[in-house]
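In what follows, a single structure is set out as structure tokens and then discussed.
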Amino acid sequence: MRLNYPTFIKIIKVPCTGRVDILTLLKAFEAGVDGAYVAGCMEGECHFLKGNIRARKRVEYAKTLLAEVGIEPERLEMYNLSAAQGARFAAIANEMAEKIRSLGPSPLKKAKAAFVA
Amino acid sequence: MIVGNRKPFEEILEMVKPFKKILLLGCRECITVCAAGGEREVGVLASELKMARAKDGQEIEIKEFTLERQCDYEFIDQIKPFIDDYEAVVSMACGAGIQYTAEHYPSKIVLPAINTTFLGVTLEQGVWSERCQGCGECVLHLTGGVCPVARCAKSLFNGPCGGSASGKCEVNKDTDCAWQLIVDRLKTLGQLDRYEDFIPAKDWKPSRDGGPRTRVREDLRLC
């Protein structure tokens, strides 16, 4: 398909999005990422029945935790797409990259930069 | 089990404001089962605190540790070797565990991260419900196994009040009327005649009215 998506998006493979824990998401932000998204299978098509539904609930909960901390919850999202939707994968990657660009660097990074300066 | 809720994040953040090194102490008992203060919740709170403090340019060092039980002398000594390396302890145990930690380390500031709420059951994953108030004198044999102390908003002992409507309590329409549950259960058990038995006024001395309670079994004591 030779579709392009931003090179700064790093993919972490999991056997099912049901494996994604709240702490996995928080640790990413703690490490200083500007944004993260979970790409699960289409709803109703989970091989493990409810993995992607559970992942969505966890993402929603993790967003409330980020808001508590003062990090924009929009920096974390959940998407559903099938393995056959390459074009959608690239579109989501570009959409998320654009959103993060408009939000700017993570507030954690900004604070660190200000502290060092 | 004892059920609790984590305190609002803002409140915890304010409590730890003066400190740069804290010990975040979880408990593997009831508070783990009700997903409020176990190893995982300790991890989540530590991560949140570190991020919130880093955002304000005031980094905080947090040691995460979870005891088998915070309410038991057998385990509380496990933190002795390193507790003095930290300015304060933030406990994610129930009120009993928090106090026990404070009692054992009198010179250490121990802060609560949990609001302890009730003695209850797990209805389904993620849902807990109150069942017992620890009143010290159980009457479940008289009331079809449904507690009028914990489950009736007024703790009535002889039938419902006028606020019972369509089996629900006037305090909250989602709350079952305890006396509706009692009558339904007595019917199922074929014991509805018990509903006519007068239950005398309860002696509240075995409950909190007699002051803090202590239980001793001399045969088990080692001294």
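The values are calculated or read from the model by the stated rules, or taken from the named source; none is laboratory data. Keep in mind the model is a prediction, meaning the values are calculated, not measured. All Cβ positions, even for glycine, are placed from backbone atoms using ideal geometry, and neighbour counts span all protein chains on display. Just so you know, the surface numbers come from the protein's heavy atoms only, side chains and all, with ligands and any DNA or RNA stripped out. Shrake-Rupley method; radii C 1.70, N 1.55, O 1.52, S 1.80 Å.
Structure above, values below:
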{"read-out": "Helices (runs of 4 or more DSSP H) completely within the stretch B:54-113 that count 2 or more residues being in contact (Cβ under 8 Å) with a residue 40 or more places away in the chain and open to solvent by less than 20 Å² (accessible area, probe 1.4 Å)", "value": "B:95-104"}
{"read-out": "Condition met for A:Leu103 (within 14 Å of chain B (Cβ to nearest Cβ), in contact (Cβ under 8 Å) with a residue 24 or more places away in the chain and either closer than 26 Å to A:Thr64 by Cα or in contact with a strand residue (DSSP E or B) (Cβ under 8 Å, 6 or more places away or on another chain) (or both))", "value": "no"}
{"read-out": "The stretch B:40-53: number of residues that are facing chain A (nearest Cβ under 7 Å) and open to solvent by 20 Å² or more (accessible area, probe 1.4 Å)", "value": "2"}
{"read-out": "Exclusive hit being of a type outside the set (D, E, K, R) and more than 24 Å from B:Gly43 (Cβ to Cβ), set A:Ala97, A:Ala36", "value": "A:Ala97"}
{"read-out": "Any pair with Cβ under 6 angstrom, 6 or more apart, that starts in the stretch A:52-70 at a residue that is under 18 Å from B:Arg53 (Cα atoms) and facing another protein chain (nearest Cβ under 10 Å) and ends at one that is part of a helix (DSSP H, G or I) and open to solvent by 50 Å² or more (accessible area, probe 1.4 Å)", "value": "A:Gly70/B:Lys55"}
{"read-out": "Output for the stretch B:6-34, where each listed residue is within 14 Å of the chain's Cα centre (by Cα), within 14 Å of chain A (Cβ to nearest Cβ) and open to solvent by 50 Å² or more (accessible area, probe 1.4 Å)", "value": "B:Arg6"}
{"read-out": "Scan of the stretch A:71-99 for residues that are in a helix (DSSP H, G or I) and in contact with a Ser or Thr (Cβ under 9 Å, 6 or more places away or on another chain), ordered by number", "value": "A:Pro73, A:Arg75, A:Arg88"}
{"read-out": "Counted residues, the stretch A:15-39 - those being free of Cβ contacts under 8 Å to residues at least 60 places away in the same chain, loosely packed, with under 15 Cβ neighbours inside 10 Å and part of a loop (DSSP other than H, G, I, E, B)", "value": "2"}
